[in-house]
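First the structure, in the form of structure tokens, and then the observations on it.
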Amino acid sequence: LGQAEIKTLPYLDIFQLCEDIIKIKEITQNLYQDFQVNFSSQPYENDCGSSLQINFSLMQNDDFLFAKNHEQESRYLQKSIAGALKFTKNMMIIFAPKPEDYARFDLELNRNLHKKQKYTAPVNISWGYNNRTALIRIPATQKISERRLEFRLAANSADIYLISTFFLLAVLQGIKMEGELPREIYGNSFDEQYNLEAL
């Protein structure tokens, strides 16, 4: 109740994106001075939390590098996912800087939200196609140009400059790395059968 989602258009200029996110928060607070504007991660004890999600894709010239090639998954997408997952634990202090930010990742809270068919937060290191229970979601898209990964970790109050920087570093390392991508999650990522590493 009372929660608003703010979306931006895609940006090529990361610094401009960061500046605009900060401006959006300032404008919101100025517009609603008579109300309580709350950017905390879990403003309600038993309802959906708030986050600062990163939607990310790669382009080279006019080529969309996350596009499938004859039904083969993009290696750039796979490696970007692998990098973000590998360094998630290292980035937690940046993406969830306040002790209260961790309430959003509570397993029982999210199980109950899932039962009520409400949006959940990630609780473990996972990814999946169009899976809103996973840490990384690959949304279903109609256009190649819209294909992206959605990194659902950051607290709403996190520093946009820091999370952008550390996320890009993780992706860059992922593209350079060798190794297998963990299997994607179908269904509910916090089912015990998956036995995934908790955040």
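Here are a few things to note about the model shown:
- Looking at region 17-72, the GluC sites (Glu not before Pro) that sit in a DSSP loop and have at most 13 other Cβ atoms within 10 Å of their own Cβ are 45, 71.
- Residues in region 123-156 reached by a label modelled at residue 197 [backbone nitrogen below 13 Å; 7 Å Cα→Cβ]: 124-127
- Modelled spin labels at residue 141 and residue 5, positioned 7 Å past Cα toward Cβ, are 1.6 nm from each other.
- Heavy atoms of the protein chains alone define the surface here; on that basis the chain has 63 Å² accessible area per residue at 1.4 Å probe size.
- Over 31 Å apart at the Cα level, from the set 23/68; 68/115; 79/143; 7/115, are 23/68; 68/115.
- Centre separation in Å (Cα based) which lies between region 157-199 and region 52-86: 13
- Mean Kyte hydropathy of 1.6 or more with a Cα span along the axis of at least 20 Å, helices from DSSP in the chain: 160-176
- For the chain, adding -39500 (n - 2.57) for each run of n ≥ 4 DSSP H residues and dividing by the number of residues yields -10000 deg cm²/dmol at 222 nm.
- When all alpha carbon pairs of the chain are counted in 5 Å bins from zero, the resulting P(r) reads 1, 7, 15, 19, 20, 17, 11, 6, 2, 1, 0 %.
- Dipole of the chain, positive end: most advanced residue of 135, 28, 165 [Cβ charges, Cα centre]: 135
- Within straight-line reach of residue 86, meaning a Cα separation under 19 Å, sit the following lysines at least 8 residues removed in sequence or on another chain: 176.
- About its Cα centre, region 1-153 has a charge dipole of approximately 580 debye under the convention of +1 per Lys or Arg Cβ and -1 per Asp or Glu Cβ, with nothing else charged.
- When each of the peptides 184-190, 36-42, 8-14, 131-137 is scored by how many other beta carbons lie within 10 Å of its residues on average, the order from highest to lowest is 131-137, 184-190, 36-42, 8-14.
The values are calculated or read from the model by the stated rules, or taken from the named source; none is laboratory data. Note that the structure is predicted; figures quoted are calculated from it, not measured. Cβ sites come from the backbone with ideal geometry, for glycine too, and all protein chains shown count toward neighbours. Just so you know, the surface numbers come from the protein's heavy atoms only, side chains and all, with ligands and any DNA or RNA stripped out. Shrake-Rupley method; radii C 1.70, N 1.55, O 1.52, S 1.80 Å.
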